[in-house]
Amino acid sequence: MAENTIIRTGQDGSISFGDYRLQEKTKISDYEVNGDLYKVKTFYEITKLEKNGLFVYESVPGTTFDQFKADACGVSFVVSGEENAQITLGLSEESEYELTVDGVVIGKMKTNISGKLSISVDLSEGKPVEVSAVKC
């Protein structure tokens, strides 16, 4: 992915971001979507997304995200990477979410006081994984 494509907007209003194949840290700031400003940093070690200066997403190691949608009810996205990733999402504080990975409900989890929720996702090259976290 070239630098100008590490974040882009889909026709459905979703955003796609990150590139786990990059060897050097790459970032784009002030990418506007519907009046919100996004900042993405990405490379093989980490991918991070902020919206209006607030934490939205981080993965270790780096990942590529497609069809990322977030609203008051939660988030959904498709994630790709070379190996298993630890993903942290910025959601509503002290709220319960039902997590689904590749169509399988893996259970309910509660965010902490800062609204962060961490999950592990089994990834392998060439196999995108659908993830959703829906507020209960």
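Key figures
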item: Residues (surrounded by 10 or more Cβ atoms within 10 Å (Cβ to Cβ), over 16 Å from the mean Cα position of the chain (by Cα) and either in a loop (DSSP other than H, G, I, E, B) or modelled with pLDDT of 95 or more (or both)) located in the stretch 1-20; result: Met1
item: Given (1) modelled with pLDDT of 95 or more; (2) open to solvent by less than 70 Å² (accessible area, probe 1.4 Å); (3) assigned to a strand (DSSP E or B), number of the condition Gly62 does not satisfy; result: (3)
item: Failed item in (1) modelled with pLDDT under 95; (2) farther than 23 Å from Ser114 by Cβ; (3) not aliphatic (A, V, I, L, M), with Phe43 passing the rest; result: (1)
item: Test: residue in the stretch 44-57 that is touching a Gly at 6+ places or on another chain (Cβ under 7 Å), without any contact (Cβ under 8 Å) to a residue 24 or more places away in the chain and either under 16 Å from Ile7 (Cα atoms) or surrounded by 15 or more Cβ atoms within 10 Å (Cβ to Cβ) (or both); result: yes
item: Given (1) open to solvent by less than 40 Å² (accessible area, probe 1.4 Å); (2) in a strand (DSSP E or B); (3) within 24 Å of Val104 (Cβ to Cβ), index of the condition Ile28 fails; result: (3)
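Here is a yes/no grid of residues against (1) open to solvent by less than 70 Å² (accessible area, probe 1.4 Å); (2) of a type in the set (Lys, Arg); (3) outside any strand (DSSP E or B):
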| site | (1), (2), (3) |
| --- | --- |
| Glu94 | no, no, yes |
| Ile106 | no, no, no |
| Ile119 | yes, no, no |
| Val131 | yes, no, no |
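The values are calculated or read from the model by the stated rules, or taken from the named source; none is laboratory data. This one's a predicted model, so the numbers in the text were calculated from it and none came from an experiment. Please note: Cβ atoms are built from the backbone with ideal geometry, for glycine as well, and neighbour counts cover all protein chains shown. These accessible areas exclude ligands, DNA and RNA; they are computed on the full protein's heavy atoms, side chains included. Shrake-Rupley method; radii C 1.70, N 1.55, O 1.52, S 1.80 Å.
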